[in-house]
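Heads up, the thing below is written out as structure tokens.
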Amino acid sequence: MFSTMTLFSNLNRLALFIFITGFSLAIYIHHNVDQTWLEQRYVYDIYQTDKGVNAYKYKGEEVEITDVVSYQTSELNQQHLNQLNQAPTMKQQWVIDDNQSLFLLKPAFHYGLWSLLPAFITIALCLITREPLTALFGGIVVGALMLGDYDLTDSVIIPNLASEGAAGLLLLYLWLLGGLLGIWSKTGAAQAFAHYMTEHYVKGPRSAKLVSWFMGILFFQGGTMSTVLVGTTVRPLADKAKVSHEEMSYIVDSTASPIAAVIAFNAWPAYVQALIFVPGVSFLATESDRIAFFFSSVPFSFYGILAVLGTLLLSLNITTFAGKRIRAAQHRALTTGELDAPNAKPLSAKELQRCEVPEGYHSHHLEFILPLITLVATAVITFVVFESPKINWAFGAALLLSAFIALGKGMSLMDLIDGFGNGLKGVVMASVILMLAVIIGTISKEIGGGLYLVSQLGEHLPFWTLPVILQLITMVIAFSTGTSWGTYAIAFPLAMPLAWAVCQSQGLANPEIFMMICFATVLNGSVYGDQCSPISDTTILSAMTTGCDLMDHVKSQIVPATFAAVMAGLLWTACVYFLA
């Protein structure tokens, strides 16, 4: 006990030392390190109005273009920026070049290698504390001080939280998703569905695993909520069918985030699109463009596809790619009936399996199926009609339908609101982490970490090596921090400008395909690292909800997950080499 307490005390001291060092360096950088200014070109779809004036669309509004100057005379071209000793006086300017191309110039800067300091501090603190909330906040503080923003609340946090994107994310993740899951918990809808499946379809270990795999596909929202809902729903039927806990935890974990990256009618595109804007890239110019880009890149989510296929093979009792530990666990459960390994210490999950259905209320499996069908149908139909899925509409429709069904069956309004409130409570901490991740992503972009990497690597990196490099970097970050979404906030603002610079400097024939593949490597590499990390919330919840020992789950899962990651890396390399 003493040695354990001493270890934690030393780690806390190290974390405090790193934060204070980062704090001091940030102040030093702001006052003593010169900013390197670079021109940034923004390309829009320009058209002429009825008045014959050039204009473009921005957030659905028509904006007319005035005061256009030649590129050579602009104060924001690179030649002029190289001569500056301070920040330029202009924030943007429309220019026209010798080819009569019209584009918007904006200045941006970086602090050299120091631009990576907020990301480094965040990763280091997460490695040491194993707690993403304080790590992200530490990175935000360091980044804000580098920019000279000492008023964290009024100058940094509130403006970012007051943005339209942050408000939409809170609405979706906190109110709609949390509320829907809370109502399902109150009505017992998921448990009723599991009972129905057990009565009609589960006849043995293989069918139990197939049902579990199928439910993992149905709950394609990803993250902790999917893990908890699937894990708690399938554990009773899997235990009854004598499926080992190592197998079940792997199936639950590997059909959570991996499937969310493939069936992306969820909160992921709304969050990720805010992180992947690259100046001068027309197909990433608007929010709808970036969401469409996300969906276009889905066919390149090779790790997600292979991870889900791997769990399907295991569900069919094909263990060729599952590794020795899972094969041994399957043999143990079939021959001895023991669901856990000897000396295993399964995580308790009683609080996650508690049913709070009001007395006298009779749950029905259709209370789960109908809202889920409504959710998926709304997302797909709006995607077809508007070329971008209306995720808020989909979750809102499912939430309202669940509430109306419950009220129509006699549940009191008080019980319904209680269930809704419990659902909100369950995602509050995750929502706070998401908001901090958005803020640090914005700060990292403003400080210019991506610009610095572009200037260092963009002209020298062979294009076909970039996808695997991005995959390895994000795998390490996510494994170390235990969060895929936090990794996105760190990695995307660095990776996407770098990928675009490689496209431009090496003259790739299909730059959009190259960008899609690089995007997919960041998305999927982060999922792998999060999925395999022992400090990840989804890893812990997968073990907890299925009753598995945490380290048994980590050690048994890492083999098939790594196999899928290696295969994905080879496919990405082949695709960029032959397609880009």
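Data overview
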{"quantity": "Total residues in the stretch 549-564, condition without any contact (Cβ under 8 Å) to a residue 60 or more places away in the chain and either among the hydroxyl-bearing types (Ser, Thr, Tyr) or outside any helix (DSSP H, G or I) (or both)", "calculated": "1"}
{"quantity": "Within the stretch 488-532, tally of residues that are among the polar types (S, T, N, Q) and under 18 Å from Ile259 (Cα atoms)", "calculated": "4"}
{"quantity": "Qualifying residues in the stretch 261-283 (those that are more than 18 Å from the chain's Cα centre (by Cα) and in a helix (DSSP H, G or I)) - the one modelled with the highest pLDDT", "calculated": "Phe283"}
{"quantity": "Residue that is more than 34 Å from the chain's Cα centre (by Cα), without any contact (Cβ under 8 Å) to a residue 40 or more places away in the chain and surrounded by fewer than 16 Cβ atoms within 10 Å (Cβ to Cβ), where the choices are Ser74, Ser101", "calculated": "Ser101"}
{"quantity": "Whichever residue in the stretch 284-319 is part of a helix (DSSP H, G or I) and β-branched (Val, Ile, Thr) and, among such residues, is nearest to Cys518 (Cα to Cα)", "calculated": "Val298"}
{"quantity": "Selected residue (only one of Asn510, Asn524 is over 21 Å from Asp340 (Cα atoms) and open to solvent by less than 20 Å² (accessible area, probe 1.4 Å))", "calculated": "Asn524"}
{"quantity": "The lone exception for Cys575 - which of (1) over 30 Å from Leu133 (Cβ atoms); (2) open to solvent by 40 Å² or more (accessible area, probe 1.4 Å); (3) assigned to a helix (DSSP H, G or I) it fails", "calculated": "(2)"}
{"quantity": "Selected residue [surrounded by fewer than 20 Cβ atoms within 10 Å (Cβ to Cβ), under 29 Å from the mean Cα position of the chain (by Cα) and touching a residue at least 40 places away in the same chain (Cβ under 8 Å)] from Leu161, Leu136", "calculated": "Leu161"}
{"quantity": "Strands (runs of 3 or more DSSP E) completely within the stretch 31-130 that count 1 or more residues being at pLDDT below 85 and β-branched (Val, Ile, Thr)", "calculated": "61-64"}
{"quantity": "Identity of the residue in the stretch 105-124, open to solvent by less than 10 Å² (accessible area, probe 1.4 Å) and of a type outside the set (Ser, Thr, Tyr), that ends up farthest from Ile20 (Cα to Cα)", "calculated": "Leu105"}
{"quantity": "When residues of the stretch 349-384 are limited to those that are open to solvent by less than 60 Å² (accessible area, probe 1.4 Å), closer than 20 Å to Asn422 by Cβ and outside any helix (DSSP H, G or I), the one modelled with the lowest pLDDT", "calculated": "Ala349"}
{"quantity": "Verdict on Leu339 being in a loop (DSSP other than H, G, I, E, B) and touching a Lys or Arg at 6+ places or on another chain (Cβ under 8 Å)", "calculated": "yes"}
{"quantity": "Residue in the stretch 12-27 that is farthest from Ala144 (Cα to Cα), counting only those that are of a type outside the set (A, V, I, L, M, F, W, C) and at pLDDT 90 or above", "calculated": "Thr21"}
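The values are calculated or read from the model by the stated rules, or taken from the named source; none is laboratory data. Please read these numbers as outputs of a predicted model, since none were measured by experiment. Every residue, glycine as well, gets a Cβ built from its backbone with ideal geometry; the counts of neighbours run over all protein chains shown. Just the protein is used for accessible areas: all its heavy atoms, side chains included, with ligands, DNA and RNA removed. Shrake-Rupley method; radii C 1.70, N 1.55, O 1.52, S 1.80 Å.
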